[in-house]
1. With all protein chains present and a 1.4 Å probe, how do Ser133, Ser260 order by accessible area, largest first?
2. Kindly state, to the nearest 0.05, the FRET efficiency for Asn146 paired with Leu178, given R0 = 41 Å and r defined as their beta-carbon distance.
3. Pairs of Cα atoms under 8 Å, at least six residues apart: use those to get the relative contact order of the chain, whole percent.
4. Taking all protein chains in place and a 1.4 Å probe, what share, in percent, of the accessible surface of the chain do carbon and sulfur account for?
5. For the chain, which span is the longest to avoid every loop-located (per DSSP) member of GluC sites (Glu not before Pro) having at most 10 other Cβ atoms inside 10 Å?
6. Want the number for Ile18 to Phe55: 0.36 nm per residue separation, take away the alpha-carbon distance, what's left?
7. Only loop residues by DSSP count here, and only those with at most 10 other Cβ atoms within 10 Å; note down the trypsin sites (Lys or Arg not before Pro) in the range 39-121 that meet that.
8. Report for the chain the percent antiparallel among DSSP-assigned beta bridges with both residues inside it, nearest 5.
Amino acid sequence: MGSEQFYPEESPVHDMTIAPFSIEQHPVTNAQFADFVGATGYVTIAEQPLDPDAFPGVPPDELSPGALVFRPTSGPVDLRDWRQWWTWVPGACWRQPFGPGSSIAERADHPVVQVAYADALAYAAWAGRRLPSEAQWEYAAGAGANTIYAWGDDAQPGGRLMANTWQGRFPYANEGALGWVGTSPVGAFPANAFGIADMIGNVWEWTTTQYSARHRPGQDISPCCPAPAGDTSANQALKGGSHLCAPEYCHRYRPAARSSQSQDSATTHIGFRCVFD
């Protein structure tokens, strides 16, 4: 587990032992999440007003429900400042991921997004399953191998695009992955050697592992996504990269790659899948 070839938080390479488990073939889709909400009446974090105690000094009219939405910039920008392409949008949620006026009507088979950690846990419990640990997720993504990518050491073997990642210059020019700009239907790209789809790219995925910089605590973090908020002990490890990963900015579409995210975050590029014993 881990890597010492890319980002410091992925090291050191180390051995882990995990018990047998089963993992879903693809991320939870909008259709599946809609079934869950229809059966339970569940209200996601992004659909609830912000807690004024957690955001002291913020005007009441800015505490309305919402979530983070990716907006491409008009041209090259400083890649050290994620605020230039992430925007807080009131009303954005899993039903309308880009805000009022957007819809998932034509995206039933796309991964659900705008789901916070608690939302993923609630779905998993309803489904009789759970979320994977980081170690379980990484093993499943690599299909038991230790190659750089889930499919080998070549990013595009034979020129073939293997995952839904950013194609072009980030964050302003995206040609689309097989024509998809943003999320793609689950299974649109090749499955790995275990037959599991979308372990790399499309959406980042929540794990139950609390994040610590490196696999040894006490080292610097180099996140590529919106910065962690609040108590860092409540940050989870995300795995897999997303449709926003580009090699010059976020070369994290690899099994060993990881990113930190606060549990209450909901964005247009984070989803999840379940496992069970």
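1. Details: Ser133 30, Ser260 0 Å².
Result of the area sort, largest leading: Ser133, Ser260.
2. Working: r = 27 Å, r/R0 = 0.67.
That gives a FRET efficiency of 0.90.
3. Working: 602 pairs, mean separation 75.7, N = 277.
In percent, rounded to a whole number, it is 27.
4. Working: 6350 of 12200 Å².
Carbon and sulfur together cover 52 percent of it.
5. Counting at most 10 other Cβ atoms within 10 Å as exposed, the longest clean stretch of the chain is 1-105.
6. Taking 0.36 nm per residue and subtracting the Cα distance, the gain is 9.4 nm.
7. Numbers: sites: Arg80, Arg83, Arg95, Arg107; in loops: Arg80, Arg95, Arg107.
For trypsin sites (Lys or Arg not before Pro) across the range 39-121 that sit outside H, G, I, E and B with at most 10 neighbouring Cβ atoms in 10 Å, the list reads Arg80.
8. Roughly 85 percent of the DSSP beta bridges within the chain come out antiparallel.
The values are calculated or read from the model by the stated rules, or taken from the named source; none is laboratory data. Every value quoted in this text rests on a predicted model; they were computed, and no experiment measured them. In this analysis, Cβ positions are derived from the backbone assuming ideal geometry, glycine residues included, and neighbour counts consider all displayed protein chains. Note: accessible area is taken over every heavy atom of the protein model, side chains too, but ligands, DNA and RNA are not part of it. Shrake-Rupley method; radii C 1.70, N 1.55, O 1.52, S 1.80 Å.
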